[in-house]
Amino acid sequence: MHFDLIKKYRSAFVMAVATAALGLAACASNAAGPAQARLPTVQIRVGEHAVKAELANTVLSRQIGLMNRKELGKNSGMLFVFKRSETQCMWMKNTLIDLDVAFADVNGTILNIEHMKAGTADIHCSAGDAKLALEMNRDWFSTLGIKAGEQLHIPQQAMETLE
C-alpha cells in the first residue's frame, strides 16, 4: 500500500527536492557576502594627487568595504571614517582585488601603509591611533612615492561618522 502512495506523490516529492536544491544553490552563491552598494563619493587629495573616494562612514559600509568588487578605478578608492581614533584593523575576507591601505590619524597624517592580498584573513592594523583608512589599488601609493608622514586632505564634512 505504501508503494502506491510513493508512486502517487512521486512528482511532488521530486519537485520539493528540486526546489530545496535550488534554494541551497542560491544561498551558496551569496555565501561570500553582500556587495557594497555604491556609496557617496568625496574628492580628496593624497599629497598632491587627486582621488575620488567612496565614503564608508557607517557601521554597515565599513563592514562591507570593497567586498565582492571586481575592480577599482585608477585613482579611485574607499575612505573609511571611524567613529573613534584608535588602533584600526582590516582584513580581505571576500575581497576580490589586491589593495593597499593607508591608515591616517585625525589630522590626516598617514601613519602606515599596508599591502593586502585578496581573499586572505591576514589582519592589517594601523601603527597608531587612526581615524581614517584609505584603500586603493595595490601599489598605488608606492608608484606615486607616497609614504608614512604624507598628508590626506579630506573635506571637513567627510570626517563625520553617521553611525
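What follows is calculated from the coordinates using simple rules that are stated; it is not laboratory data. Because the structure is a prediction, the values reported are computed rather than measured. Note: ideal-geometry Cβ built from the backbone for every residue, glycine included; neighbour counts use all protein chains shown.
Computed values, structure above
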{"read-out": "3J(HN,Hα) from dihedral phi, the stretch 54-59, Karplus parametrisation 6.51/-1.76/1.60, rounded to Hz, x for glycine, proline", "value": "6, 9, 9, 10, 10, 4"}
{"read-out": "Cα-centre dipole for the stretch 41-159 with unit charges at Cβ (Lys and Arg positive, Asp and Glu negative), debye to 20", "value": "320 debye"}
{"read-out": "Ratio Rg/Rh [Cα only; Rh per Kirkwood] for the stretch 41-159", "value": "0.91"}
{"read-out": "Neighbour-count order for 98, 122, fewest beta carbons within 10 angstrom listed first", "value": "122, 98"}
{"read-out": "Global form of the stretch 111-154, assessed from the alpha-carbon gyration tensor, a/c cut-off 1.5", "value": "oblate"}
{"read-out": "Among 139-148, 102-111, 55-64, the order from most to least packed when residues are scored by Cβ within 10 Å on average", "value": "102-111, 55-64, 139-148"}
{"read-out": "Estimated distance in nm for a label pair at residue 157 and residue 49, the labels positioned 7 Å out from Cα along Cα-to-Cβ", "value": "2.7 nm"}
{"read-out": "Karplus-derived 3J(HN,Hα), 6.51/-1.76/1.60, for each residue of the stretch 147-158, Hz, glycine and proline x", "value": "9, 3, x, 5, 9, 8, 9, 10, x, 4, 5, 7"}
{"read-out": "Segment residue 142-residue 125, length gained on full extension (0.36 nm per residue, minus Cα span)", "value": "4.3 nm"}
{"read-out": "Across 70/93; 70/117; 52/117, pairs whose alpha-carbon gap is larger than 18 Å", "value": "52/117"}
{"read-out": "Segment residue 74-residue 118, length gained on full extension (0.36 nm per residue, minus Cα span)", "value": "14.1 nm"}
{"read-out": "Options 99, 89, 146, ranked by Cα towards positive dipole end of the stretch 50-163, top entry (Cβ charges)", "value": "99"}
